[in-house]
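Here the structure comes first, spelled out in C-alpha cells, and everything after it is commentary.
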Amino acid sequence: MYFCRMNKLVLIGTGNVAMHLFRALRECQDLEVIQVVGRDPAARAYFGSYTDTAALPEISQQGDLYLMAVSDDTIATVSRNLPLEGKLLVHTSGSVPLEALTERCRRGVFYPLQTFSKNRHLSLREVPLCLEAEDSQDLVQLQRIANRLSDRVYQIGSEQRRQLHLAAVFANNFTNHLYYLSQQILEGASLPFDMLLPLIGETAAKLQDVSPHEAQTGPARRADEGTIAAHRQLLKDATQKDVYTLLSNSIKQTYGKKL
Ligand SMILES: NC(=O)c1ccc[n+]([C@@H]2O[C@H](COP(=O)([O-])OP(=O)(O)OC[C@H]3O[C@@H](n4cnc5c(N)ncnc54)[C@H](OP(=O)(O)O)[C@@H]3O)[C@@H](O)[C@H]2O)c1
C-alpha cells in the first residue's frame with residue numbers, strides 16, 4: 001500500500017522541547033519545519049531566523065504533522081483551540097494521555113525521554129522516542145520520522161508511558177533535587193559542589209555495567225547505624241533530615257535489614 005510521506009512539520013510551542021526538536025529536525029534534509037507557532041513573539045524570534053513563525057490562530061494548514069510541545073496542563077485546551085481538522089496532531093508529554101488531544105484531529109504522542117533545557121545542546125540519537133498513534137498508518141509515519149532523529153524508537157501505550165514518566169521522575173528529578181541538597185550541605189561547610197562531580201559521574205556510569213540493586217553502597221546499605229545516627233545529628237534542616245531518614249529506610253528495607 002502507498003503511504004503519503006509526511007515531510008512538512010509544524011511545531012507548536014517555543015520552549016525547551018520545541019527548541020531541541022527544531023534543532024534536530026533541521027538536520028534532516030527530507031523533513032521541513034514549515035512553521036513554528038507560539039503565543040510569545042519574543043520566544044518565536046529564534047525560530048524566525050530559520051522558518052516561518054506565527055501566533056496560534058494563524059497556524060499553517062499545510063502541515064503533514066503537528067508536533068505540540070506545550071506545558072502538560074495546557075495540552076487539552078491549546079489543542080481544542082487550534083483551527084485544525086483531520087490533521088495528525090501529537091503531543092510530547094510523558095504523563096498526558098493521548099485522549100487529551102482534540103478529537104477533531106488524528107491523535108498521537110511523540111515523547112522524548114530526556115531532560116531538555118534550551119541552553120543545553122544534545123543529540124537526540126541516543127534519546128528514546130516513545131510513540132503512540134490511534135491510526136496504524138499514522139504510527140508508521142511517526143516511526144519513519146522518529147527513526148530519522150533517534151536510534152531508540154519505541155511504541156508505547158499511554159498507561160506504560162505514565163509508568164515510564166513516573167520512573168523518570170525518580171531517576172532524574174529526584175536525584176537532581178538530592179544534588180541540590182548536597183550543594184546546600186557543602187555550602188554550609190564552605191566547600192564547592194564540583195568536588196562531587198566525579199562521584200556523580202561514576203554513580204551514573206557504572207549503571208552501564210551493573211544493575212542499580214547491585215550498585216548500591218553507603219551506610220544504609222551496610223547498616224552502619226553509628227554513621228547514620230551521626231549524619232542525622234549533623235542535619236539541622238528538618239526536611240533534609242526527613243529525606244535522609246526516608247531514603248536510608250528505603251535502602252535498608254531493600255536489602256532486608258531491620259528498620
Ligand atoms: N523539558 C523536558 O525535559 C521535557 C522532556 C520530555 C517531555 N517534555 C514535555 O514537553 C512539553 C513541553 O515541555 P517544555 O519543557 O518544552 O516546556 P516549556 O519550556 O515550559 O515550554 C512550554 C511551551 O508551552 C507554551 N504554553 C504554555 N501555556 C500555554 C498556553 N496556555 N497557550 C499556548 N502556549 C502555551 C509556552 O509558551 P510561553 O513561552 O508563551 O509560556 C511554551 O512555548 C511538556 O508536555 C513536557 O511534559 C518535557
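The values are calculated or read from the model by the stated rules, or taken from the named source; none is laboratory data. Bear in mind the structure is a predicted one, so any value in this text is a computation, not a measurement. Here the Cβ is made from the backbone with ideal geometry for all residues, glycine too, and neighbour counts use every protein chain on show.
Can you tell me which residue is farthest from Gly63 (Cα to Cα) among those in the range 14-36 that are outside any helix (DSSP H, G or I) and either among the aliphatic types (A, V, I, L, M) or under 15 Å from the mean Cα position of the chain (by Cα) (or both)?
Residues of the range 14-36 outside any helix (DSSP H, G or I): 14-15, 27-36.
Add one more test, that the residue is either among the aliphatic types (A, V, I, L, M) or under 15 Å from the mean Cα position of the chain (by Cα) (or both), and what stays is 15, 31, 33-34, 36.
Values: Gly15: 20, Leu31: 11, Val33: 9, Ile34: 7, Val36: 11 Å.
The qualifying residue farthest from Gly63 (Cα to Cα) is Gly15.
So that you can scan it fast, the table gives a plain yes or no per residue for (1) of a type in the set (Lys, Arg); (2) over 28 Å from Phe22 (Cα atoms); (3) surrounded by 14 or more Cβ atoms within 10 Å (Cβ to Cβ):
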position: Cys130; (1), (2), (3): no, no, yes
position: Asn147; (1), (2), (3): no, no, no
position: Gly157; (1), (2), (3): no, no, no
position: Gln160; (1), (2), (3): no, no, no
position: Val169; (1), (2), (3): no, no, no
position: Ser190; (1), (2), (3): no, yes, no
position: Ala205; (1), (2), (3): no, yes, no
position: Gly226; (1), (2), (3): no, yes, no
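Quick one: which residue in Thr92, Thr14, Thr74, Thr51 is free of Cβ contacts under 8 Å to residues at least 40 places away in the same chain, surrounded by 16 or more Cβ atoms within 10 Å (Cβ to Cβ), in the same structural domain as Gln114 (by TED's automatic domain parsing) and within 12 Å of the ligand (Cβ to nearest atom)?
On the way: Thr92 fails: free of Cβ contacts under 8 Å to residues at least 40 places away in the same chain; Thr74 fails: surrounded by 16 or more Cβ atoms within 10 Å (Cβ to Cβ); Thr51 fails: within 12 Å of the ligand (Cβ to nearest atom).
Selected residue: Thr14, the only one of Thr92, Thr14, Thr74, Thr51 that is free of Cβ contacts under 8 Å to residues at least 40 places away in the same chain, surrounded by 16 or more Cβ atoms within 10 Å (Cβ to Cβ), in the same structural domain as Gln114 (by TED's automatic domain parsing) and within 12 Å of the ligand (Cβ to nearest atom).
Within the range 198-253, considering only helices (runs of 4 or more DSSP H) that don't extend past its boundaries, which have at least 3 residues that are under 19 Å from Ala171 (Cα atoms)?
Working: elements: 212-215, 219-222, 225-234.
Passing ranges, in order: 212-215.
Which one is farthest from the ligand (Cβ to nearest atom), of the residues in the range 95-126 that are touching a residue at least 60 places away in the same chain (Cβ under 8 Å) and in contact with an Asp or Glu (Cβ under 8 Å, 6 or more places away or on another chain)?
For the range 95-126, the residue satisfying everything is Leu98.
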